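What follows is a single structure, written as structure tokens, with notes after it.
Read the figures in this text as sums done on the coordinates, not as results from a lab. All values derive from a computational prediction rather than experimental measurement. Ideal geometry is used to build each Cβ from the backbone, glycine not excepted, and the neighbour counts take in all protein chains shown.
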Amino acid sequence: MSISFSRNVRNAGLISALVMAPCLAITPGLVSAAETIKAVVTTAPNVPPPITRTAPANIVVELEAHEWVGNLSDDNKYKFWGFGPAGGTGTVHCATASPSIPEHIANGMYGGILVEPVGGLKKVDKEFYVVQSEFYTKPGKKGDTLEFSFDNGLAESPSHVVFNGMAGALVKNPLTAKVGDTIRMFYVNAGPNHVASWHIIGEIFDRVYPEGSLITPPLQNLQTTVVPAGGSSMAEFKVEVPGTYINVDHSIFRIAKGAVGLLKVEGPEQPDIYKGLK
Ligand SMILES: [Cu+2]
């Protein structure tokens, strides 16, 4: 199959969306009669303006498929497939059969989508969005643009497990907050193969909304939470003590493949809560 043919099929491909919180009770009859609106799409870290309508609508999201060579790690580049622009929280990915659905996801064709409950989410000081995903490459040497390996995908043996598209991206650009901040973190797991065990070393999640359901009562005081491949989670917590917290998939050897990020919290020491040993 020629590259141009597969690219054309890809460009015409379906987008399947696993939405975090389908919050409006929309009946099929209402949707078919509803107004059609073009979605406002932006690039991270921007988000579109809040919606003000109170009735259901058919939302058209225009995404264009792109290929580009970018950094997969400090040592290697990779030819990513993706959409531009894309934004939001949850999991959105291609489901096009050519060359194969897994190949689209393994090359980077996914993003997040967030549907807020009616009335919106409670205000917090900081919101973050982290996407975990795996890449499957053939071996290469430093400086190479690595090639995709279908065989390694089949073996479910990723060469890279990354947050936000590149090994160590959130180490180079840590998330930041101040002591006392309330934080909401959306965690999307694009897979394509592995379930994530999301954990922040040094922190406890005050509330976790498993599998991204924002209208189900949250679990409280969790250490680690499971995020399925093709799924998401949301956690809220308050950072009480300054320090560098480490965001990981607690399938912990994946740190060596790139799945590690930092959350740096600045502010006065809180010895009543935590004191390091001298
Ligand atoms: Cu695709």
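Going by Cα centres, segment 221-260 and segment 178-208 are how many Å apart? Answer, in whole Å: 4. Across segment 185-197, computed HN-Hα scalar couplings (Karplus, 6.51 cos²θ - 1.76 cosθ + 1.60, θ = phi - 60°) run 10, 9, 10, 9, 10, 6, x, x, 10, 9, 6, 9, 10 Hz from first to last residue, x flagging Gly and Pro.
Please give me, ordered by residue number, the GluC sites (Glu not before Pro) of segment 233-278 that lie in loop per DSSP and have at most 14 other Cβ atoms within 10 Å. Hits after loop and neighbour filter: GLU269.
Is any residue of segment 235-249 close enough, with backbone N under 20 Å, to a label point placed 7 angstrom from the Cα of ASP272 along the Cα-Cβ axis, and if so, which? Label zone hits: 238-243. Amide H to amide H distances under 5 Å link HIS160 with PHE135, THR137, where only residues 5 or more positions off or on other chains count and H is placed in the peptide plane.
Extension gain, THR244 to VAL69, is 59.9 nm, computed as 0.36 nm per intervening residue step minus the present C-alpha separation. On full extension, the segment bounded by ALA55 and ASN173 gains 38.5 nm, given 0.36 nm per residue less the C-alpha separation. The gain in end-to-end length when the THR216 to VAL47 segment is fully stretched comes to 58.4 nm, 0.36 nm per residue minus the alpha carbon separation. For a Förster distance of 45 Å, can you work out the FRET efficiency between the beta-carbons of LYS77 and LYS38, rounded to the nearest 0.05? After rounding, the FRET efficiency stands at 0.85. Amide H contacts of ALA196 (H built 1.01 Å from N, in plane; Pro and chain starts excluded): VAL227, ALA229 sit under 5 Å, all sequence-distant by 5 or more or on other chains.
Between the amide H of VAL179 and those of GLU266, GLY267, distances stay under 5 Å, these residues lying 5 or more places away or on another chain, with hydrogens modeled in the peptide plane. Of ASP181, ASP144, the sequence from fewest to most neighbouring Cβ atoms within 10 angstrom is ASP144, ASP181.
Among the lysines of segment 126-266, pairs at least eight places apart or on separate chains and with Cα atoms under 20 Å apart come to 13.
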